[in-house]
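Comments concern the structure below.
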Amino acid sequence: MKKLLLTLMALVLLLSSLALPMSAEAVTEIQFWTWRPEDTNFYEKVIAQFEEANPTIKVTINAIKNTEYNTILSAALAGDSAPDVFMSRAYGGLQTFANSGYMLALDDLMPELKEFSEATRMGATSITDGKIYGVPAVSQTMLCFYNKKVYEELGLEVPKTWDQFIANLQACKDAGYDALANGTKEGWCCEFLFGGAGASQYSGNDFYNKVVAGETTFEDPIFVSAVNDMLSLTPFMPNMYEGVAYTDMQASFINEMSAHFVGGSYEAGYFKAENPELDFDIFPVPGKTEADPAYVSVYADMNFAIAASSKKQDAALAFVKFLATPEFGAQVVNELAMVSSIPGVDVSANPFIAKVLELQKNNTPYLFLVGFRYNQPTGSSLFQAAAQGMMTKQLTAEEVCKQVQEGIATYYVPFQK
């Protein structure tokens, strides 16, 4: 009997030792990279939810600084250290990686992508082969934030024309505020200032559709006039605005030193996190008359992509599918205060997002990002550099538009007819 017990105990120990490595092998670990370190806590929470529902998959997050992300990701994808899942840029940013064969096409793997809107899918679609290489995550809207307390203090109303907008800026300046937080130290800040304030001035979709088709150019008088209108904002920008950086702009509005901030809807969550007492609202910068549509510029901001070189694509696909659910979309809306690209997401719990979607009734593509970032020199890089020169009185609006037109025409076929 004793011998039998010893034999049974040895058998149990043997089976236990065999079970341990089998259990460890059953868990698949995947890497997820993001360019938003500020959202790390949010994604760690989402990952915990995913792992609870998928106990055989472990997700490790790597948050990389925004300005360093592309360089590090490019090197990883070209080498042997690529993440399994990663945040991908949209439009031209996606195109570069898709053309290099670094991304897995998802059309056949995720039929649910057919339910996403055409506009959101466009930011994840290669113009080379027409395939979808990412799950659209969020969209952004360029508009104007304003401090409601300042408006109440000065008896101001939301402007319905460009002249009323300028008058509001003047009233805020007269009262001792920086009327407009925006600065021009970084070229991309010039682009989003124009994206938020210029779309209504160049008639939004009418001009966008014509210029993309090559039926007009960036030297069209209506576009030149819209670019020139940006100069009329400089008297209301901070002192020495040429040296005011993006983070300075944010701090000025958050600390209620400035009354307006022209920028993206993505700012809202950060504004509230830094100053929960900040009472702000938004409006589209209006056109010349009340009859002119007040446009907001809209773009797909990011996608969730799978590396073509990943050896754990089944686990990666499971995670990406999780990031395409309405439940995840609702968390994006309610916790990050961003517009989710996922269809069927309830936004009623977030009045700010509901307001953004209301303003999107008059939306136009964010001009240079959506239409002209697929080749070098990109429309964005051309406009950013030239607009900085104009805002410091080194270039005229005509010269800005000429530089943009000539740069894009070096490769854009519709401009070469």
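Does segment 107-117 contain any residue that is farther than 18 Å from Ser340 by Cα and in a helix (DSSP H, G or I)?
Yes: segment 107-117 contains one or more residues that are farther than 18 Å from Ser340 by Cα and in a helix (DSSP H, G or I).
I'd like to know if segment 376-386 contains one or more residues that are of a type in the set (Ser, Thr, Tyr), assigned to a loop (DSSP other than H, G, I, E, B) and surrounded by fewer than 16 Cβ atoms within 10 Å (Cβ to Cβ).
Here is the first cut: in segment 376-386, the ones of a type in the set (Ser, Thr, Tyr) are 378, 380-381.
Those left that are additionally assigned to a loop (DSSP other than H, G, I, E, B): 378.
Then drop every residue that is not surrounded by fewer than 16 Cβ atoms within 10 Å (Cβ to Cβ), which leaves none.
There is no residue in segment 376-386 that is of a type in the set (Ser, Thr, Tyr), assigned to a loop (DSSP other than H, G, I, E, B) and surrounded by fewer than 16 Cβ atoms within 10 Å (Cβ to Cβ).
Kindly provide the set of residues from segment 50-61 that are exposed (fewer than 14 other Cβ atoms within 10 Å of the Cβ) and either at pLDDT below 95 or not acidic (Asp, Glu) (or both), ordered by number. Can you show your working first?
To start, the set of residues in segment 50-61 that are exposed (fewer than 14 other Cβ atoms within 10 Å of the Cβ) comprises 52-53, 55-56, 60.
Scanning segment 50-61 gives Ala53, Pro55, Thr56, Thr60.
Kindly provide the set of residues from segment 311-356 that are crowded, with 19+ Cβ neighbours inside 10 Å and assigned to a loop (DSSP other than H, G, I, E, B), ordered by number.
Leu323, Ala324, Ala337, Met338, Ser341, Ile342, Val345, Asn350
If you go through segment 26-67 one residue at a time, how many are part of a helix (DSSP H, G or I) and either of a type in the set (D, E, K, R) or farther than 22 Å from Lys312 by Cα (or both)?
Counting residues in segment 26-67 that are part of a helix (DSSP H, G or I) and either of a type in the set (D, E, K, R) or farther than 22 Å from Lys312 by Cα (or both) gives 12.
Is it true that Met249 is farther than 20 Å from Val356 by Cα, more than 20 Å from the chain's Cα centre (by Cα) and not polar (S, T, N, Q)? Full working, then the answer.
Details: farther than 20 Å from Val356 by Cα: yes; more than 20 Å from the chain's Cα centre (by Cα): no; not polar (S, T, N, Q): yes.
In short, no.
Quick one: what pairs do we get from segment 201-223, first residue touching a residue at least 60 places away in the same chain (Cβ under 8 Å), second of a type in the set (Ser, Thr, Tyr) and not in a helix (DSSP H, G or I), C-beta under 7 Å, 6+ apart or different chains?
Within 7 Å, the pairs are Gly204/Tyr295; Gly204/Thr364; Asn205/Thr364; Tyr208/Thr364; Val211/Thr217; Phe223/Tyr202.
Mind counting the residues in segment 258-283 that are farther than 21 Å from Pro159 by Cβ and in contact with a strand residue (DSSP E or B) (Cβ under 7 Å, 6 or more places away or on another chain)?
Filtering segment 258-283 down to residues farther than 21 Å from Pro159 by Cβ leaves 266, 269-270, 272-277.
Okay, now just the ones that are also in contact with a strand residue (DSSP E or B) (Cβ under 7 Å, 6 or more places away or on another chain), so 266.
Final tally of qualifying residues: 1.
Checking Tyr299 against (1) in contact with a strand residue (DSSP E or B) (Cβ under 7 Å, 6 or more places away or on another chain); (2) surrounded by fewer than 18 Cβ atoms within 10 Å (Cβ to Cβ), which single condition isn't satisfied?
Result: Tyr299 fails condition (2) only.
If you go through segment 70-93 one residue at a time, how many are surrounded by 15 or more Cβ atoms within 10 Å (Cβ to Cβ) and either modelled with pLDDT under 95 or in a loop (DSSP other than H, G, I, E, B) (or both)?
The total comes to 9.
In segment 398-412, what residues are over 27 Å from the mean Cα position of the chain (by Cα), in contact (Cβ under 8 Å) with a residue 12 or more places away in the chain and not in a loop (DSSP other than H, G, I, E, B)? Walk me through it before giving the result.
Kept after step one, since they are over 27 Å from the mean Cα position of the chain (by Cα), are these residues of segment 398-412: 398-399, 402, 406, 410.
With the extra rule that they be in contact (Cβ under 8 Å) with a residue 12 or more places away in the chain, the set shrinks to 398-399, 402, 410.
Glu398, Glu399, Lys402 - these are the residues of segment 398-412 that are over 27 Å from the mean Cα position of the chain (by Cα), in contact (Cβ under 8 Å) with a residue 12 or more places away in the chain and not in a loop (DSSP other than H, G, I, E, B).
Could you say whether any residue in segment 220-234 is at pLDDT 95 or above, small (Gly, Ala, Ser), within 24 Å of Lys361 (Cβ to Cβ) and surrounded by 14 or more Cβ atoms within 10 Å (Cβ to Cβ)?
yes
Rundown of residues vs (1) closer than 21 Å to Thr364 by Cβ; (2) assigned to a loop (DSSP other than H, G, I, E, B), yes/no style:
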| position | (1), (2) |
| --- | --- |
| Ala268 | yes, no |
| Ala273 | no, no |
| Val285 | yes, yes |
| Glu290 | yes, yes |
| Ala294 | yes, yes |
| Ala300 | yes, no |
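Is it the case that some residue within segment 125-139 is surrounded by fewer than 21 Cβ atoms within 10 Å (Cβ to Cβ), more than 26 Å from Gln388 (Cα to Cα), free of Cβ contacts under 8 Å to residues at least 60 places away in the same chain and polar (S, T, N, Q)?
Yes, segment 125-139 contains a residue that is surrounded by fewer than 21 Cβ atoms within 10 Å (Cβ to Cβ), more than 26 Å from Gln388 (Cα to Cα), free of Cβ contacts under 8 Å to residues at least 60 places away in the same chain and polar (S, T, N, Q).
Contact list please: Cβ distance under 8 Å, first residue in segment 230-245 and in contact (Cβ under 8 Å) with a residue 60 or more places away in the chain, second residue acidic (Asp, Glu) and assigned to a helix (DSSP H, G or I), pairs at least six apart or on different chains.
Pro238/Asp248
Just one of the numbered conditions (1) under 22 Å from the mean Cα position of the chain (by Cα); (2) more than 18 Å from Phe194 (Cα to Cα); (3) outside any helix (DSSP H, G or I) is not true of Gly263; which one?
With (1) under 22 Å from the mean Cα position of the chain (by Cα); (2) more than 18 Å from Phe194 (Cα to Cα); (3) outside any helix (DSSP H, G or I) applied to Gly263, the lone miss is (2).
Condition (residue is assigned by TED's automatic domain parsing to the domain that holds Asp281 and assigned to a helix (DSSP H, G or I)) applied to segment 127-148: is it met by at least one residue?
The answer is yes, given that some residue of segment 127-148 is assigned by TED's automatic domain parsing to the domain that holds Asp281 and assigned to a helix (DSSP H, G or I).
So Met257 clears everything in (1) under 22 Å from Gln140 (Cα atoms); (2) touching an Asp or Glu at 6+ places or on another chain (Cβ under 6 Å); (3) of a type outside the set (Asp, Glu) except one condition, right? Which one?
The failed condition is (1).
The values are calculated or read from the model by the stated rules, or taken from the named source; none is laboratory data. Just so we're clear, the structure is a prediction, and the values are computed from it rather than from any experiment. Counting neighbours? That spans all protein chains shown, and the Cβs are built from the backbone with ideal geometry, glycine included.
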